[in-house]
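J.: Please read through the structure below; I'll follow up with questions.
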């Protein structure tokens with residue numbers, strides 16, 4: 001795609017509505033996902049560099065910000081306030097394409113669809129660490145409401161093994 005190609009964006013009225021949501025619950029959801037997918041895979045030298053660093057993911061078209069910090073071996077949500085050490089900004093469509101591994105960060109960066117503000121050395125460390133990991137590809141079909149409900153329902157009649165045998 002060229003930089004002049006139109007990309008899907010969150011409609012402005014929806015972005016305005018999303019901007020009114022409290023930030024902390026969204027940050028909690030994001031760090032839960034980051035901890036499940038990334039935290040255990042980060043090398044020790046990277047986690048030392050991340051210690052106490054504040055990050056912000058800014059979804060421009062949705063007008064959402066997710067603030068978090070790396071502390072005590074995991075990502076933790078923080079309330080917005082103190083400026084982050086590193087901010088990554090893109091539209092929702094581009095973040096989804098990154099998660100699905102359809103685009104790489106360099107391509108989006110050079111096409112001005114992804115921006116990084118703050119500690120650029122920290123940004124390069126994070127980018128290089130992510131590039132070196134085998135990460136799962138986000139499968140959007142797994143998040144359709146019917147698929148999510150099916151995972152929560154599970155088998156209706158589960159056989160229960162006895163807790164102990166009587167002899």
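The values are calculated or read from the model by the stated rules, or taken from the named source; none is laboratory data. Quantities reported herein were computed from a predicted structural model and do not represent experimental measurements. Neighbour counts run over all protein chains shown; Cβ positions are idealised from the backbone, glycine included.
J.: Would it be correct to say that residue 87 is within 30 Å of residue 12 (Cα to Cα) and free of Cβ contacts under 8 Å to residues at least 24 places away in the same chain?
T.: no
J.: Which of the following residues is out of contact with any strand residue (DSSP E or B) (no Cβ under 8 Å at 6 or more places or on another chain), under 23 Å from residue 128 (Cα atoms), loosely packed, with under 14 Cβ neighbours inside 10 Å and without any contact (Cβ under 8 Å) to a residue 60 or more places away in the chain: 41, 48?
T.: Going through 41, 48 in turn, the sole match is 48.
J.: Looking at the stretch 110-124, which of the residues that are surrounded by 15 or more Cβ atoms within 10 Å (Cβ to Cβ) and either modelled with pLDDT under 90 or part of a loop (DSSP other than H, G, I, E, B) (or both) is farthest from the chain's Cα centre (by Cα)?
T.: Filtering first and then ranking leaves 111.
J.: Give the residue that is modelled with the highest pLDDT, with candidates limited to residues of the stretch 125-148 that are part of a helix (DSSP H, G or I) and closer than 19 Å to residue 75 by Cβ.
T.: Of the residues in the stretch 125-148, the ones part of a helix (DSSP H, G or I) are 125-132, 140-143, 145-148.
After this cut, where a residue has to be closer than 19 Å to residue 75 by Cβ as well, the list is 125-132.
Numbers: 125: 90, 126: 87, 127: 85, 128: 85, 129: 83, 130: 78, 131: 79, 132: 78.
Out of the qualifying residues, it is 125.
J.: Oh, and also: Would you mention how many residues in the stretch 15-50 are more than 20 Å from the chain's Cα centre (by Cα) and closer than 24 Å to residue 111 by Cβ?
T.: The number of residues fulfilling the criteria is 0.
J.: How many residues, within the stretch 61-88, are farther than 21 Å from residue 49 by Cα and surrounded by fewer than 18 Cβ atoms within 10 Å (Cβ to Cβ)?
T.: So the answer is 4.
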